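> Provided herewith is a single structure, encoded as structure tokens, for subsequent inquiry.
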Amino acid sequence: MIAGLATLLCCQLIGEALARWLSLPVPGPVIGMALLFLALLLRGGETPQDLAQSADGLLSNLGLLFVPAGVGVVLYLPLLAEDWAPLSLAILAGTLAAIGVTGLLAQALLRRLDP
């Protein structure tokens, strides 16, 4: 389990270093996740047992990661109440755009699969 956590943290560290060194507009943890994905692909798609245990442990406690976001919402509730209309519009427009793009992408990918 410690080896799995060390692997995850090393991938995140490498991703963070690359993002800062190359001045990329992508967050370091996302780059680290892509590097981990490539490393697992090179292994033939087989996940090491330590890494799987660490990932399962983190995923089982995923709900705890939403606590800081909830605290932030409560902390800025007066500001959110003041600007509720533009925020609601932005959330609605962003959600509809994401659903639309996902649908179009799914259709395009399904068309590529059909002979």
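> Tell me the angle of helix 2-21 to the major Cα principal axis of the chain, expressed in degrees between 0 and 90 and rounded to the nearest ten.
Approximately 60 degrees, to the nearest ten.
> If you take percent of Cα pairs over 24 Å apart from the coordinates, which of (1) 36; (2) 16; (3) 57 do you get?
Computed from these coordinates, percent of Cα pairs over 24 Å apart corresponds to label (3).
> By how many degrees, 0 to 90 and rounded to 10, does the Cα axis of helix 49-60 deviate from the longest principal axis of the chain?
Roughly 20 degrees between the two axes.
> Let me ask you something else. So if R0 is 41 Å, what FRET efficiency would ALA108 and PHE66 give, r being the distance between their Cβ atoms, rounded to the nearest 0.05?
E between ALA108 and PHE66, to the nearest 0.05, is 0.80.
> Still on this structure, I have one more. Helix 28-42: angle to the longest alpha-carbon principal axis of the chain, degrees 0 to 90, nearest 10?
40 degrees
> Do any GluC sites (Glu not before Pro) in segment 1-93 lie in a DSSP loop with no more than 10 other beta carbon atoms within 10 Å, and if so, which?
Of the GluC sites (Glu not before Pro), the ones in loops of segment 1-93 whose Cβ has at most 10 other Cβ atoms within 10 Å are GLU46.
Every number in this text was worked out from the coordinates using simple rules, so none of it is lab data. Source: prediction; values computed, not measured. Methodologically, a virtual Cβ is constructed for each residue, glycine included, from the backbone with ideal geometry; neighbour enumeration extends over all protein chains shown.
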